[in-house]
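In what follows, a structure is listed as structure tokens, so that the remarks can point back to it.
Quick note: the coordinates plus some simple rules give every number you see, no bench work behind them. Treat the numbers as computed from the prediction; the structure is a model and nothing was measured. Neighbour counts are summed over all protein chains in view; Cβ atoms, including those assigned to glycine, are modelled from backbone coordinates with ideal geometry.
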């Protein structure tokens, strides 16, 4: 009889142990892998650090944080600032030249201090391996110590005077206090504790999903549409040294990103003395006046152009490369036509080149629901 009682007790213990284990597994379940679908003809090498793998839960959390003004650590309506305050989807995640808050398209922080440069679009950044921002770094310093990760953007935006000018402790404390966020952090990273590190990891995951690959030119490469005669002529100009000579820096056939993501002194005047050019980061004299070649995808939405926003229209950009290039000792060797101040395009060639560049417009990118402000934000206590 005692033996049967012992067996019964053991059986009950096993049942409760199994229930507890199931309960533990339910609360510590692993996040769901998020698989990036690489578009046809795109590079297969993605910049996803091993310590921040893409997950469905991480992307969801990052999307909330990207659009939540409380990330600044403030609650007053006139002091809220989020990533999306400046990075507006309708303009391919730059603020836009017609932004009522930032006239002319030059954003500034809660202090009123302007950002060092105008904005770069958040397009296809998962393929960037040479550093971010115009000079290739997320923070000044030695190139060997470069922060080349999107994960670093979050804390920099929180503390920078030209952005949120806040305090990371205040930001994490506020986000921690908002009903819903601890659960989202637990699902994404296995801990209900809000940290700046995990905020940055989540936002970086969301930003890596911002992929543009549905332009008219993409559909042309897939054989779904044909380019017009003017667009074809513009493509030839884009791809030839004796034409527009654009492809060296902005890619083209074989490089659907339409940027090399490298840095060039492209012959602009008044570019010297900027402490945030490539030289200010590397200390290499040949990097004076050098900045990254931005992607040409969706340039229809991303005016103004260049690091200093000097060109308001695409026509002005084409005119510059046609006849406005200025020689300097650090001009990039790929600027083959500097001796004639540019490629000297005719009016009809300029028109053709512009028509081709506009085939890189991806309207679905600026309207895609998955990139937009989500509904059902976590509520404040």
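For residue 192 and residue 312 in the same chain, what is the full-extension length gain: residue separation times 0.36 nm, less their Cα-Cα distance, in nm?
Answer, rounded to one decimal: 38.6 nm.
Which FRET efficiency value, to the nearest 0.05, is calculated for residue 162 and residue 183 with the Förster distance at 35 angstrom and r the Cβ-Cβ distance?
0.60
Picking from 349, 89, 205, which is most flexible by a Gaussian network model of the chain using Cα springs under 10 Å?
The residue with the greatest mean-square fluctuation here is 349.
Please give the peptides 60-70, 163-173, 34-44 ranked by average Cβ packing (other Cβ atoms within 10 Å per residue), highest first, as a rough proxy for protection.
Taking the mean over residues of other Cβ atoms within 10 Å, the ranking is 60-70, 163-173, 34-44.
Normalised by the number of residues in the stretch 216-360, what is the relative contact order in percent for Cα pairs under 8 Å and 6+ residues apart?
Dividing the mean separation by the residue count of the stretch 216-360 yields 30 percent.
How far is it, in nm, from the label point at residue 129 to the one at residue 30 when both lie 7 Å from their Cα along the line to the Cβ?
The two pseudo-label positions are separated by 2.6 nm.
Suppose a student asked you for the relative contact order of the chain, using Cα pairs under 8 Å spaced at least 6 residues apart; what percent would you report?
20 percent
From the mean inverse distance of alpha carbon pairs (Kirkwood) and the Cα radius of gyration, derive Rg over Rh for the stretch 76-117.
0.95
Between the stretch 81-98 and the stretch 165-187, what is the separation of their alpha carbon centroids in Å?
Between the Cα centre of the stretch 81-98 and that of the stretch 165-187, the gap is 23 Å.
Report, in degrees rounded to the nearest 10, the 0 to 90 angle that the Cα long axis of helix 314-323 makes with the longest principal axis of the chain.
50 degrees
What number results when the radius of gyration of the stretch 216-360, computed over Cα atoms, is divided by 2.2 N^0.38 Å?
Ratio of Rg to 2.2 N^0.38 Å for the stretch 216-360: 1.05.
Rg(Cα) of the chain divided by 2.2 N^0.38 Å?
1.18
Quick check: residue separation of residue 38 and residue 230 times 0.36 nm, minus the Cα distance between them. What number comes out in nm?
Using 0.36 nm per residue and subtracting the Cα-Cα distance, I get 66.1 nm.
As a test of understanding, state the convex hull volume per residue of the stretch 153-226 from its alpha carbons, in Å³.
130 Å³
Assuming 0.36 nm per residue, please report the length gained on full extension of the stretch residue 98 to residue 56 beyond their Cα-Cα distance.
Value of the extension gain: 11.7 nm.
Please work out whether the stretch 32-115 counts as rounded, prolate or oblate from its C-alpha gyration tensor, where a ≥ b ≥ c are the square roots of the eigenvalues and a/c under 1.5 means rounded, while otherwise a/b larger than b/c means prolate and anything else oblate?
Here the stretch 32-115 falls in the oblate category.
Based on DSSP H runs of at least 4 residues, each adding -39500 (n - 2.57), what is the mean residue ellipticity at 222 nm of the chain after dividing by all its residues, to the nearest 500 deg cm²/dmol?
So the helix-based figure for the chain works out to -9500 deg cm²/dmol.
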